[in-house]
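All remarks here apply to the structure that follows.
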Amino acid sequence: MLALKGTDSFRHVEKDNFVISLRSFEGGIEHSDYTGCVSPAYTVLKSNIDIKAQYFKYLFKSGPYISALQSSTDSLRDGKSISYDQFGAIPLPKLSIKEQEKIASFLDYETAKIDILIEKQQRLIELLTEKRQAVISHAVTKGLNPDVPMKDSGVEWLGEVPEHWISAKLKYYTNQIVDGAHFTPTYTDSGVPFLRVSDIHGSTIDKSNIKYIPLREHKVLIERCNPEKGDLLLSKNGTIGVPKVVDWDWDFSIFVSLCLIKFKPKLLSSYDPCCQIRRTKLGRF
């Protein structure tokens, strides 16, 4: 980032200096590859003896050092600065420059190999994710029998579908399609769970950050939108279209970022793969 103005109070940083910030007790001390400046909220560390910065770059991000840093800053809370006096007394290993260089070179080589493996695995995950999506898309739009006669669905995005399939608007297969509360209720330490789009991660519910609301407010919300076991939740904000079948029995309410779909049990089920329509005698709508 290029600082264009208001830098009078900033602190100068040289290449191979180290910088400690408010959150450094969580992730270690950062190494600077550049000459520049940082906010006054940061503390700049400059060696007063000859060192191999690359060695200390690894040391200051290592698990044991971060643990020691955390121990020295136990009393810190958000909004308080970390001063040099709080962690400057942490003992560090003292070894020759030559040995520092050997360790840094070894770690450069080994971590580079690991980074390449991680990159390959990430690419493999991306390809598998694409394949997974392609398998799902083909199954729900073309069926499982490759030899079945096909017909034009009359829907542009759907294209050809099996000849015996019917197409109809979702509203004919549901009892209700409604979004959650259009206002933020009162959050409490305990009460009835209040789910938001951020609480849904794929097929699971992230219970670590769930909000709770009073029972009286929950009762008001479910008069309009009452999610029950077997219903389908669908994200409508952020990552749009992430589905989650309600497969639990505990009561909860939802925020406006989620959509609730109640299916007509004899026609469509949220438990069917991708909500595939069951064959009926209703014909075409």
task = Report, by residue number, each residue of the range 206-233 that is surrounded by fewer than 18 Cβ atoms within 10 Å (Cβ to Cβ), over 17 Å from F183 (Cβ atoms) and of a type in the set (A, V, I, L, M, F, W, C).
result = I210, L215
request  = Quick one: in the range 188-219, of everything that is assigned to a loop (DSSP other than H, G, I, E, B) and under 12 Å from S253 (Cβ atoms), which residue is farthest from the chain's Cα centre (by Cα)?
outcome  = P214
request  = Just need a number here: residues in the range 84-96 that are under 21 Å from E30 (Cβ atoms) and either of a type in the set (F, W, Y) or loosely packed, with under 12 Cβ neighbours inside 10 Å (or both).
outcome  = 9
note = (1) open to solvent by 90 Å² or more (accessible area, probe 1.4 Å); (2) in a helix (DSSP H, G or I); (3) under 26 Å from P243 (Cα atoms) all hold for E156 apart from (2)
remark   = Apart from one, (1) without any contact (Cβ under 8 Å) to a residue 12 or more places away in the chain; (2) part of a loop (DSSP other than H, G, I, E, B); (3) surrounded by 11 or more Cβ atoms within 10 Å (Cβ to Cβ) all hold for E99; the odd one out is (2)
key: Hey, L221 without any contact (Cβ under 8 Å) to a residue 60 or more places away in the chain and within 13 Å of C259 (Cα to Cα) or not   = no
key: Qualifying positions in the range 231-249 - modelled with pLDDT under 90 and part of a loop (DSSP other than H, G, I, E, B)   = K236, N237, G238, T239, I240, G241, V242, D247, W248, D249
query = Taking the range 42-71 only, how many residues are surrounded by 11 or more Cβ atoms within 10 Å (Cβ to Cβ) and outside any helix (DSSP H, G or I)?
reply = 10
ask   = Any idea which of A134, A139, A104 is touching a helix residue (DSSP H, G or I) at 6+ places or on another chain (Cβ under 9 Å), within 30 Å of E163 (Cα to Cα) and assigned to a helix (DSSP H, G or I)?
value = A139
ask   = What are the pairs, 6+ residues apart or on separate chains, where a residue within the range 50-72 that is touching a residue at least 12 places away in the same chain (Cβ under 8 Å) has its Cβ under 7 Å from a residue that is hydroxyl-bearing (S, T, Y)?
value = L59/Y65; L69/S24
Residues located in the range 149-173, provided they are modelled with pLDDT of 90 or more and among the β-branched types (V, I, T) = V161
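The values are calculated or read from the model by the stated rules, or taken from the named source; none is laboratory data. Keep in mind that what you see is a predicted model, and the values were worked out from it rather than measured. Cβ coordinates were reconstructed from backbone atoms using ideal geometry, including for glycine residues, and neighbour counts include every protein chain displayed. Ligands, DNA and RNA are stripped out before the accessible areas are found, and what is left, the full protein with its side chains, is counted by its heavy atoms. Shrake-Rupley method; radii C 1.70, N 1.55, O 1.52, S 1.80 Å.
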